[in-house]
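The values are calculated or read from the model by the stated rules, or taken from the named source; none is laboratory data. Worth saying up front: this structure is predicted, and the values here are computed from it rather than measured. Backbone-built Cβ (ideal geometry, glycine too); neighbour counts: all protein chains shown.
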C-alpha cells in the first residue's frame, strides 16, 4: 500500500505533555499501526521533525526514536518536506512561532491556549484563514472515554432537561522544596503565561460548549494559595500566577455550570477530574475514563436528619455506563482527525476560532475575578 508522507514540525516535544502524549502516544503510535488510512487508499505517514531549544534533549529523543531534529525553527519551516507545524511550547512563545509557520505556508495544529489574549488569537485566526491553511487547537478532553460516554447519554436524551453541571479538577502540586513539583515552574509565573485560569478555562469552554451549550457569562474568583515555590534549579521564586480558580458559568437554556480548578487540593475523588450532570430525568458523574448514572426511576429519597448516622450506600445506588467500544488515546484520536483534515479535507470543528473562544473565556474570567463581578461573553466574529 502506498505510503503518503506528511512532514510535521513538532516544537516543544521535550516537555512532558509534548513528548508523552503528542509524540509517543499519538504520532509514533500512528506510525506503529502502519499509518492512517486516507480516502484514496494510501496510508498517511507522519514524519516528525523535532524542534526545541535544548540540543542535548532533542538529540536524546531523536536518537531514541530515529527521528530528525533541529534547534532552528526557521530551517525546519523552510523544508519542502514539512507540511504541518505543531506547537507545544510555553504559552508565551507560541504566537510568534505560529506566525512564522503561517508565513511559511504550513498548516498549524497547536496546544491551547492559542495565544495570551483574545485580540491576538482573533488576529491569528483571521490570518491563517486568509492564507487558506488548515488549522486546529488541541481539545483532548472531548475524546476521553468518560466524556464520550457522557456525550452518548446527552445524545440519547438520558437527562431530559439538563439543569446543572458541577466540575471538580485538580490535585496537589508539590512546592518543589522537599519533593519535586509535577508541573514546570513557568506555570506559576504570570509573565511566562502561567496561571490555572489561562490553562484550564479554555478546556472548560470547549467541554461546556460542545457537550452542553454555549457559555454566556462567567463569574470567577481566583487565588494564589501557595505564594512561594522552588524551581527546577532549586531556586526559590515568587508565584505570580493563580493556582486555584472557582468559576460559575451560565449557559444557553438556563444551564448553570460550577467548576473548581486547583493545583492546591488533595484528591478525594475517583479521578482527577469529574463532572456531575443533573437533569430532570437523570444524573451522571463522568471522569476521565468512567461514567456512572442514576435515573429518575431509581433515585432514592433521602431525608435530612443530622441526629442519625447515614445508612444509605449512596455510591452503590449508581449504575456504571458500559464502554460499548474500544477507546483509543484522546490525543491520538484528535491527531488522526487533523491529519485527515489536512490530507482529505474532512471536517475539523476544533479550529482556531474554537481556540479563540477558549482564550476569551479565560480572559474574561480574569476580568471577573479582578473586578468582582459577573461578566457576559460577547459574540466573536
Of the residues in the range 119-140, those that are surrounded by fewer than 21 Cβ atoms within 10 Å (Cβ to Cβ) and either in a loop (DSSP other than H, G, I, E, B) or touching a residue at least 60 places away in the same chain (Cβ under 8 Å) (or both) come to 122, 129, 131, 132, 133, 134
Residues (buried (at least 19 other Cβ atoms within 10 Å of the Cβ) and either part of a helix (DSSP H, G or I) or more than 19 Å from the chain's Cα centre (by Cα) (or both)) located in the range 159-185: 159, 162, 176
Within the range 293-323, the residues that are closer than 19 Å to residue 149 by Cβ and free of Cβ contacts under 8 Å to residues at least 60 places away in the same chain are 294, 298, 315, 317, 318, 319, 320, 322
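So, residue 347, is that one outside any helix (DSSP H, G or I) and over 30 Å from residue 46 (Cα atoms) or not?
In short, no.
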Restricting to the range 43-86, count the residues that are over 23 Å from residue 340 (Cβ atoms), part of a loop (DSSP other than H, G, I, E, B) and touching a helix residue (DSSP H, G or I) at 6+ places or on another chain (Cβ under 8 Å). 2
Matching residues, the range 220-248, being within 24 Å of residue 150 (Cβ to Cβ) and touching a helix residue (DSSP H, G or I) at 6+ places or on another chain (Cβ under 8 Å): 220, 245, 247
Tally the residues that are over 16 Å from the mean Cα position of the chain (by Cα) and either closer than 21 Å to residue 207 by Cα or free of Cβ contacts under 8 Å to residues at least 40 places away in the same chain (or both), restricting the search to the range 349-371. 8
Give 99, 94 a once-over and let me know the one that is surrounded by fewer than 20 Cβ atoms within 10 Å (Cβ to Cβ), in contact (Cβ under 8 Å) with a residue 12 or more places away in the chain and in the same structural domain as residue 124 (by TED's automatic domain parsing). 99
Scan the range 188-198 for residues that are part of a helix (DSSP H, G or I) and either more than 18 Å from residue 245 (Cα to Cα) or modelled with pLDDT under 95 (or both) and jot them down. 190, 191, 192
